[in-house]
Amino acid sequence: ESGAIKLHNEPGDIEDVIGTALEQLGNRIGQHDFKVDIPSDYPLVPMDFTLMVQVVVNVLDNAIKYSPEKSSIEVSVSLADQKARIQIADRGVGIPLDDLPRVFDKFYRVQRPENISGTGLGLSISKGIVEAHHGNIYASAREGGGTIVTIELPL
């Protein structure tokens, strides 16, 4: 929020960001079925590679925490309006509509009966990183159940 993040923007490969994030998650992936769809001719995106890996780790970690074992988590990459778009879709418990705009607030956690650990900072940190890139991050309900988190970065 204070503008203290200093980006090291260089053209980066989104496929490498997603692959590195999945490696960092390691055993936390469990038995989830990950599907990744990236066009073969996808352009390089100006970004701070390390910080964008952290964003993807944070979002994927939430998808893993709030989705049943063996469920599918889909990562798709596309271009829209001169922006790189990464969408991470799960079939988890979903986010109540009233909570969707607030899940990126500091310390905000959706009230759930299950005991899932966390500080409520992961998505807030992700939002700060994405906004430092002049991008956007938001969550939406997935048709059929679950959540889609969309990350957009300018090309």
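Identify, please: which residue in the range 96-116 is in contact with a helix residue (DSSP H, G or I) (Cβ under 9 Å, 6 or more places away or on another chain) and open to solvent by less than 90 Å² (accessible area, probe 1.4 Å) and is, among those, modelled with the lowest pLDDT? Among those residues, the one meeting the criterion is 116. The criterion of at least 2 residues that are open to solvent by less than 20 Å² (accessible area, probe 1.4 Å) and in contact with an Asp or Glu (Cβ under 9 Å, 6 or more places away or on another chain) is met by the following strands (runs of 3 or more DSSP E) wholly inside the range 1-83: 45-47, 72-80.
Please go through the range 74-89 and give me each residue that is of a type outside the set (S, T, N, Q) and at pLDDT below 95, ordered by number. First the steps, then the outcome.
If we filter the range 74-89 for residues that are of a type outside the set (S, T, N, Q), which is where we start, we get 74-75, 77, 79-81, 83-86, 88-89.
Within the range 74-89, 80, 81 qualify.
Taking residues in the range 1-28 that are under 10 Å from residue 52 (Cβ atoms), and partners anywhere that are open to solvent by 80 Å² or more (accessible area, probe 1.4 Å) and modelled with pLDDT of 95 or more, the pairs with Cβ atoms closer than 7 Å and at least 6 places apart or on different chains are 12/44.
From 80, 63, 21, which residue is touching a helix residue (DSSP H, G or I) at 6+ places or on another chain (Cβ under 8 Å) and of a type in the set (A, V, I, L, M, F, W, C)?
21
Among the residues of the range 121-142, the ones that are open to solvent by 20 Å² or more (accessible area, probe 1.4 Å) and over 14 Å from residue 87 (Cα atoms) come to 10 in all.
The values are calculated or read from the model by the stated rules, or taken from the named source; none is laboratory data. Model, not experiment: these values are computed from the prediction. Cβ: placed from backbone, ideal geometry, glycine included. Neighbour counts: every protein chain shown. Remember, those area values only see protein heavy atoms, side chains included, never the ligands or the DNA or RNA. Shrake-Rupley method; radii C 1.70, N 1.55, O 1.52, S 1.80 Å.
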